[in-house]
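The values are calculated or read from the model by the stated rules, or taken from the named source; none is laboratory data. All of these numbers come straight from a predicted model, not from anything done at the bench. Reconstructed Cβ throughout: ideal geometry from the backbone, glycine too, with neighbour counts over all protein chains shown. All accessible areas refer to the heavy atoms of the entire protein, side chains included, with ligands and DNA or RNA removed. Shrake-Rupley method; radii C 1.70, N 1.55, O 1.52, S 1.80 Å.
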Amino acid sequence: MFRHQGKSRTLKHNLQIATVLSFVAGIVNVTGFLSIEQLTTNVTGHFALFIYDVANFKFWKGTIYFLYIFSFLFGSFLSSFLIEKFRANKKLNVFVLPTIIECLILVSIALLSNVMEMEYPDAIACMLLFAMGLQNSYVTKISNAVVRTTHLTGLFTDLGIELSQLFFPKLHPNRKKLKSTIQLRISIILFFFGGGLMGGFLYSRADLKLNTLIIAAVILLISLFYDDIRYRLIKVKRKYNQKKSGKHKHAFRR
């Protein structure tokens, strides 16, 4: 799902990466909120609070929300910067590095929470927003802006528009493409919801607390190397079948 880039990507590839990353974002969103009572996958609410505090001359309080916004922005910038920098190297999967950084951030927060008191919830919020900025940027680039997985506002808007277009077949004759796009939007929303349920269960019921983020990181790593593992398994299977057929031919000649 990460290997295919540009024109080689299909709806299936986008659907795979959308469901996995929206599931991860759902876990991070709920885990962050239960832990520090802040939204950690988007900045819409933080931007409104930032403006409110500035308007009421609460500049220091507003600075915190500015840092939240900047963290998400910087994560998006760094992810795109790394992708552009290494794009020339055809042998390198340019999406590996941003994904690994995101995994390291999630695991680091989880491990640190086990050995020390998390006295600075704002720092955790900034780190999680940075990680989600990374993710939103690389999934946007890999899917050519078709998929976004860390917030739902735009998704529900697009879904509403596309559902309305179903009622006007003459104006929108490409029904197959339209239905495929609707399927993609609904899948992202459902998996974000499912990730949230999983995050809430693991955080509260299973009492994993911030260790829930490790589960999100493991899912990310598996998805990152899924294509390579699958390719190698297929290669091994082909070699085995070739050897098997070769032995049968040799036996038949005898």
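Points worth noting:
- The alpha carbon convex hull volume per residue for region 103-233 rounds to 143 Å³.
- Links that overshoot a 26 Å alpha carbon limit, given the list Lys141/Lys179; Lys141/Lys176; Lys85/Lys239: Lys85/Lys239
- Straight-line cross-link partners of Lys237 among the aspartates and glutamates, defined as a Cα under 17 Å from its Cα and at least 8 positions apart when in the same chain: Asp227, Asp228.
- What the Cβ-Cβ distance of Asp228 and Lys58 gives, at R0 = 41 Å and to the nearest 0.05, is a FRET efficiency of 0.25.
- Whole-Hz ³J(HN,Hα) from phi, Karplus 6.51 cos²θ - 1.76 cosθ + 1.60, for region 49-65, glycine and proline x: 5, 4, 5, 4, 5, 5, 5, 9, 6, 9, 5, 5, 5, x, 4, 4, 5
- Region 95-233, relative contact order [Cα under 8 Å, separation at least 6], %: 36 percent
- If you take the alpha carbon atoms of region 68-149 and fit the smallest convex hull around them, that volume is 86 Å³ per residue.
- Accessible area of the chain belonging to carbon and sulfur atoms, whole % at 1.4 Å probe: 66 percent
- Computed over the chain: relative contact order in percent, which uses C-alpha pairs under 8 Å that are six or more apart: 35 percent
- Averaged over its residues, region 101-176 has an accessible area of 54 Å² per residue, based on protein heavy atoms and a 1.4 Å probe.
- Working from label points 7 Å from Cα in the Cα-to-Cβ sense, the Met118 to Leu178 distance is 4.5 nm.
- Signed unit charges on C-beta, dipole axis of the chain, positive-most listed residue Thr10, Ala125, Val43: Thr10
- Those trypsin sites (Lys or Arg not before Pro) in region 59-146 that DSSP places in a loop and that have at most 10 other beta carbons within 10 Å: Lys90, Lys91
- Calculated P(r) of region 25-131 - Cα pairs past 23 Å, %: 36 percent
- Distant alpha-carbon pairs in the chain (separation over 23 angstrom), percent: 58 percent
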